[in-house]
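Asks: Here you go, one structure.
The values are calculated or read from the model by the stated rules, or taken from the named source; none is laboratory data. Computed from a prediction, not measured in an experiment: that's the story for all the values here. Cβ: placed from backbone, ideal geometry, glycine included. Neighbour counts: every protein chain shown. Each accessible area value is taken on the protein alone, full model and side chains, heavy atoms only, with ligands, DNA and RNA left out. Shrake-Rupley method; radii C 1.70, N 1.55, O 1.52, S 1.80 Å.
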Amino acid sequence: MTHFTSIHDVANLKILLQDAFSMKADPFQYETAGKHRTMGLLFFNSSLRTRLSTLKAAKNLGMNTMALNINDDSWKIETEFGVVMNGDKAEHIKEAAGVIGRYCDIIGIRSFPLLKDREADYSESVINQFVQYAGVPIISMESATRHPLQSFADIITIEQYKKTERPKVLLAWAPHCRALPQSVPNSFAEWAIAAGYETVITHPEGYELDPMFTKGATIEYDREKAYKDADFVYAKNWSSYNHYGKILCEDLAWTCNAKNMALTNNAKFMHCLPVRRNLVVSDEVIDGPNSIVIEEAANRVVSAQTVIREILKSL
Ligand code: SN0
């Protein structure tokens, strides 16, 4: 593996999952694999789990680590080409990527979509420019359209808890007060489909995701039908893809609550976190015995460590 920006960088998901469970069982088995190597993490947006889990994963592999909040700790970065840089952005992404690539052997990037211009966001220009100009492997720590480290952790978690070979996994849209990226649901859909699960997605009209991520999943607008007999419910808000970046529905009937969960096959509740209680999920569901969000977050270390180890092999 060179870069890790989507499921398409994974040669064999089954083998990567085996590696992940081995890593989870014995986190220090490769503690010298990253000796004298440096992992750099760059955040254009906020982070809690991604920052801490990826730093921990790199340290478990013996790497040196550095993390930088672009915009807060460093110069603001211009990402467009051909512009007169007479505003507040002092540094261009081309030089920034080139320089950071000389300091780091692997770079993780977090860069959310701006949710204004769909074509611009979906072109993934920030992560692609790092791939182009840094000259070292790049790991997505949530880009404009995907969050593969999260999705890998989600699949590890489902494998850990599933009781049948091919569980019914429901990605359930839920309300939110802010317009959020489609990255987590896009990515979750493509990983769940690749893992071979019965993948169902439910959302109000207008929240259809880009079909390139959902091919192979069932889109079910009838929420009750969708929740029925689900083994896992992955609740998540996202803003509209077709009416790009817009909030179209605020109906709290879509909250992942006890009424919806009662329709399932005693489903486990999942969410990538951070989650807005009593908007996305009711207290009783997230605090209930079927909530596996903390273990899911714990598996972020496992997913990051498995991916970094895979990239270290190629250096
Ligand atoms: C991000 C998202 O893509 O939905 C990151 C999730 C890992 N979530 C948020 O930005 C939530 C922010 C909020 O105000 O609740």
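Asks: Counting only residues that are within 13 Å of the ligand (Cβ to nearest atom) and either buried (at least 23 other Cβ atoms within 10 Å of the Cβ) or free of Cβ contacts under 8 Å to residues at least 12 places away in the same chain (or both), how many does the stretch 179-204 have?
Replies: Selection size over the stretch 179-204: 7.
Asks: Going by the structure shown, is Thr214 among the polar types (S, T, N, Q), surrounded by fewer than 16 Cβ atoms within 10 Å (Cβ to Cβ) and at pLDDT 95 or above?
Replies: Considered against the rule, which asks whether it is among the polar types (S, T, N, Q), surrounded by fewer than 16 Cβ atoms within 10 Å (Cβ to Cβ) and at pLDDT 95 or above, Thr214 comes out as no.
Asks: Which members of the stretch 238-282 meet the condition of being in contact with a Lys or Arg (Cβ under 8 Å, 6 or more places away or on another chain) and within 12 Å of the ligand (Cβ to nearest atom)?
Replies: Once the filter is applied, which keeps residues that are in contact with a Lys or Arg (Cβ under 8 Å, 6 or more places away or on another chain) and within 12 Å of the ligand (Cβ to nearest atom), the stretch 238-282 yields Ser239, His271, Cys272, Leu273, Val280.
Asks: Being in contact with a strand residue (DSSP E or B) (Cβ under 6 Å, 6 or more places away or on another chain) and open to solvent by 10 Å² or more (accessible area, probe 1.4 Å) is the filter here, so list the residues in the stretch 167-178 that pass it.
Replies: Lys168
Asks: Also, I was wondering about something else. With a cut-off of at least 2 residues that are within 27 Å of Glu295 (Cα to Cα) and open to solvent by 50 Å² or more (accessible area, probe 1.4 Å), name the helices (runs of 4 or more DSSP H) lying wholly within the stretch 1-106.
Replies: The helices (runs of 4 or more DSSP H) meeting that bar are 13-25, 49-60.
Okay, residues lined up against (1) farther than 22 Å from Leu115 by Cα; (2) of a type in the set (A, V, I, L, M, F, W, C); (3) within 16 Å of the ligand (Cβ to nearest atom):
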{"residue": "Thr50", "(1), (2), (3)": "no, no, yes"}
{"residue": "Ser53", "(1), (2), (3)": "yes, no, yes"}
{"residue": "Met63", "(1), (2), (3)": "yes, yes, no"}
{"residue": "Leu68", "(1), (2), (3)": "yes, yes, no"}
{"residue": "Glu78", "(1), (2), (3)": "no, no, no"}
{"residue": "Gly87", "(1), (2), (3)": "no, no, no"}
{"residue": "Ala90", "(1), (2), (3)": "yes, yes, no"}
{"residue": "Ala96", "(1), (2), (3)": "yes, yes, no"}
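Asks: Hey, another quick one. Quick check on this structure: which one of Thr5, Thr65, Thr32, Thr54 is within 21 Å of Ser314 (Cβ to Cβ), more than 24 Å from the chain's Cα centre (by Cα) and of a type outside the set (Phe, Trp, Tyr)?
Replies: Thr32
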